[in-house]
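Beneath this line is the structure, given in structure tokens, with notes to follow.
The values are calculated or read from the model by the stated rules, or taken from the named source; none is laboratory data. Given the structure is predicted, the values throughout are model-derived calculations rather than measurements. Cβ atoms come from the backbone with ideal geometry, glycine included; neighbour counts cover every protein chain shown. Quick note on the areas: whole protein, heavy atoms, side chains included, nothing else; ligands and nucleic acids left out. Shrake-Rupley method; radii C 1.70, N 1.55, O 1.52, S 1.80 Å.
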Amino acid sequence: MKTLFLAWQDANSGDWFPIGKLTFDGEMYEFAYTKGILAAIEKCGFQPLHSLPDLNKVYRSVELFPLFSNRVLSRSRPNYKNFVELLNLPQHEDDPITLLARSGGQKATDKFEVFPCPERDENGLYHIHFFVRGLRHLPPASLDRINHLQKNELLRLVHDFQNPYVRNALILRTNESFPGDLYFVGYCPRYLVDDAFNFIGKNPELVHIQVERVNPAPTPLQFRLLCNMTAPWPDDFHPFSSPMYQLIRADIATASRAN
């Protein structure tokens, strides 16, 4: 079962909400709203999606819903092969769900984003890939340092306590030994912050963030630096445990899967 979450950001406040959950079992796609949409409605006046209007319904389809399929680059596009390469995906693993999970499915015309639910890998570890955020706010020296990062190079997380825009923001820095050689290279995505703090609180040395791929200019900054994060997966751990990620009607979703 592959699972993605749909998030929306309010353009006025900058607040960010996980509003829906998409799953694919190899045959059927399912979409249902999460409790995050209730918070988006209350705080920002968000309205349910026109194509998926019922908050209490589990939508099912053998075809990927247009809201998501329109965020996947068509295989007929001349730059499709290059796009898959910059995502660091093998050609045989370029199904729509995997492309969305890695790329985020962002469009210039709206404020939606897609991200994957982490899974335990074959080594029993929490493992997820992500593109580093906020590069447009970095000085030229940091962007130049990014261009010289090496595959598997270790990066460190730093709590940006006084960030005025994002609660508990985590910034990534290089792992040099001397303070004068340190560079900030961007931010950890918001959807990973709570999990990262969970792992850091248990044992910060077991949280590893490594460089997966650097895509040089003119690659857009949103796809410039690809990393992966691993950490031990405790037996009692559940990713994205915030109530906002829970389905509004979990009982309906459970019954739907049973039929």
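Annotations for the structure displayed:
- Filtering Phe199, Phe115, Phe161, Phe131 for residues that are over 24 Å from His238 (Cα atoms) and among the aromatic types (Phe, Trp, Tyr) leaves a single hit, Phe161.
- From the list Tyr126, Tyr191, the lone residue that is under 28 Å from Phe17 (Cα atoms), open to solvent by less than 30 Å² (accessible area, probe 1.4 Å), hydroxyl-bearing (Ser, Thr, Tyr) and in contact with a Ser or Thr (Cβ under 8 Å, 6 or more places away or on another chain) is Tyr126.
- The residues listed here are Pro66, Pro48, Pro53, Pro78; of these, the one that is within 21 Å of the chain's Cα centre (by Cα) and more than 25 Å from Leu192 (Cβ to Cβ) is Pro66.
- Selection of region 212-227 for residues being under 14 Å from the mean Cα position of the chain (by Cα) and either in a strand (DSSP E or B) or without any contact (Cβ under 8 Å) to a residue 60 or more places away in the chain (or both) yields Leu225, Leu226, Cys227.
- Screening Gly134 on (1) farther than 30 Å from Thr23 by Cα; (2) open to solvent by 20 Å² or more (accessible area, probe 1.4 Å) shows it passes everything except condition (1).
- Leading residue by the ranking (modelled with the lowest pLDDT) among those in region 202-219 that are open to solvent by 70 Å² or more (accessible area, probe 1.4 Å) and over 20 Å from Asn175 (Cβ atoms): Lys202
- Tally, over region 220-241, of residues that are surrounded by 14 or more Cβ atoms within 10 Å (Cβ to Cβ) and either touching a Ser or Thr at 6+ places or on another chain (Cβ under 9 Å) or polar (S, T, N, Q) (or both): 4
- Strands (runs of 3 or more DSSP E) fully within region 106-201 that include at least 2 residues being more than 16 Å from the chain's Cα centre (by Cα) and modelled with pLDDT of 95 or more: 154-159, 170-174, 184-187.
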